[in-house]
C-alpha cells in the first residue's frame, strides 16, 4: 500500500475553533488557544499519523482586514502558507450564523486554486443533531467543496472520521516526519506562547493586539532551572495592567503558566517574568523584525 502525506491548513474568522481542532486531532496541546482575536501569530505544524497516511496540520493566524503593519505581515504569512498546502479546511461553527467575516474568507479562497477545499462544521457538541444536519446543508450551498464534515474538538466526536476522510485527499508521498512526531515546535518557541496564553485568559480585550512575548533565557544551575520571559506592550498603562497592584496580576500569570512549562521541560522551574514597553511595536518594522514577525 502506498503512503500519503501532505499539508492541511484551517481558515476561519477568530474563535471558530481552528487551534482547538488542531490540538484535538494531534491529541496534545501544541497551539495556544483563547477566545481573543490574534491568538495565533505564527505558523505551527502539528503531525497526525494514521495507518499509511500522515497529515501535517499548519495552524496559521486568521485572515482579517489588517489595521497595522503586524496585521499586514500576518496576512502575508497566511497567504504564503495557503498557497503551499494541499488541503484548506474552512471552519464554520455549528452554533453561529454565517456572517460577513465568513463570506470574506470564502471570497479569498479563490486565490488558492492549488488546494482542495473542505468545509468543517465545528463545535457540533453545542447543538442538536438536527441543527448539525441543517448547518451541513447550509454550508454545502456556499461553494463547491471537496467534502463537508462535522467535528467536535470538545468531545472528539467525528475526529477519526475526519482524519480518515482527509488522508485520501493528500498526495502519494513518503511520510515527511517520523512516526510518533506530533510537532516541529521547539521548547524555545512554545514557552513564551504559554505565558502569552495566560495573559490572554486573565486580561481585557485591549491587550491581545498590543502584547508580545519572547523567551530571554533558560538557565540551569544544579537542580534549579530559571526561565526568563519578557512580555512586551505598547504603553505604560498596559504595563501597569499586566503587573497589577503590588505585582498581583504578574504573579497570577506566573502561577497559570508555570505548571505547563514545568510539564514541558520535565522539571520544576523558577519563572521570571519581565514587562517592557516598545511603543507602537505593531507599526514599527524594526520592532517587528526583532520580535520575529
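When you have a sec, figure out the Kirkwood radius of segment 187-290 from all distinct Cα pair distances and drop it here in Å to one decimal?
Computed over Cα pairs of segment 187-290, the Kirkwood hydrodynamic radius comes out at 14.1 Å.
Report the calculated FRET efficiency for residue 161 and residue 67 (r = Cβ-Cβ distance, R0 = 45 Å), to the nearest 0.05.
Computed FRET efficiency for residue 161 and residue 67: 0.70.
Would you kindly calculate the translational diffusion coefficient of segment 133-211, applying Stokes-Einstein with the Kirkwood radius from alpha carbon pairs, for 25 °C and a viscosity of 0.890 mPa s, and quote it in µm² s⁻¹ without decimals?
It diffuses with D of about 144 µm²/s by this estimate.
Using 0.36 nm per residue of separation minus the Cα-Cα distance, give me the extension gain between residue 114 and residue 239 in nm, one decimal.
Gain in length upon complete extension: 40.5 nm.
How big, in percent, is the set of alpha carbon pairs in segment 4-169 lying more than 25 Å apart?
Result for the distance tail: 24 percent.
Roughly what would the spin-label model give for residue 179 and residue 127, points 7 Å off Cα along C-beta, in nm?
Here the modelled spin labels are 4.0 nm apart.
Tell me the angle of helix 129-140 to the major Cα principal axis of the chain, expressed in degrees between 0 and 90 and rounded to the nearest ten.
Approximately 80 degrees, to the nearest ten.
May I ask you to list the residues of segment 242-269 whose amide nitrogen lies under 16 Å from a point 7 Å from Cα along the Cα→beta-carbon direction of residue 277?
Residues 242-244 fall inside that zone.
Please report the Cα spread of segment 73-149 along all three principal axes, rounded to whole Å, starting with the longest.
Each principal axis gives a Cα extent; for segment 73-149 these are 38, 24, 19 Å.
Over the chain, what lengths in whole Å, largest first, do the semi-axes of the equivalent ellipsoid take, defined as the square roots of 5 times the eigenvalues of the alpha-carbon gyration tensor?
34, 22, 18
Can you say what percent of the DSSP beta bridges in the chain, counting only those with both residues inside, are antiparallel? Round to 5.
For the chain, the DSSP antiparallel bridge percentage is about 40.
Take 98, 56 and order them by how many other Cβ atoms sit within 10 Å, fewest up front.
Going from least to most buried by this count: 98, 56.
In vacuo Debye scattering of segment 124-272, one point per C-alpha: log10 I(q)/I(0) at q = 0.18 Å⁻¹?
For the requested q values the scattering log ratios are -1.03.
Nearest 10 degrees is fine. How inclined is helix 187-202 to the longest principal axis of the chain, computing both from alpha carbons?
Its long axis makes an angle of about 90 degrees.
If I stretch the segment between residue 228 and residue 98 completely, what's the gain in nm (0.36 nm per residue apart, minus their alpha carbon distance), one decimal?
Full extension of this stretch gives 42.5 nm more.
Given only helices, namely DSSP H runs of n ≥ 4 each adding -39500 (n - 2.57), what is the per-residue ellipticity at 222 nm of the chain, to the nearest 500 deg cm²/dmol?
When only DSSP H runs of four or more count, the value is -10500 deg cm²/dmol.
Sort 40, 276 by Cβ crowding within 10 Å, fewest neighbours at the top.
Listed from fewest to most nearby Cβ atoms, that is 276, 40.
Starting from the Cα gyration tensor of segment 181-242, take the square roots of the eigenvalues, sort them a ≥ b ≥ c, and report rounded, prolate or oblate (rounded when a/c is under 1.5, otherwise prolate if a/b is larger than b/c, else oblate).
The shape class here is oblate.
Tell me, 279, 29 in order of fewest to most beta-carbon neighbours within 10 Å?
Starting with the residue having the fewest Cβ neighbours, the order is 279, 29.
Using alpha carbons only, how many degrees (0 to 90, rounded to 10) separate the axis of helix 69-82 from the longest principal axis of the chain?
Around 40 degrees separate the two axes.
Coordinate-derived values only; no laboratory data. Keep in mind that this is a model prediction, so the values were computed, not measured. When we count neighbours, we look across all protein chains shown, and the Cβ atoms used for this are built from the backbone with ideal geometry, even at glycine.
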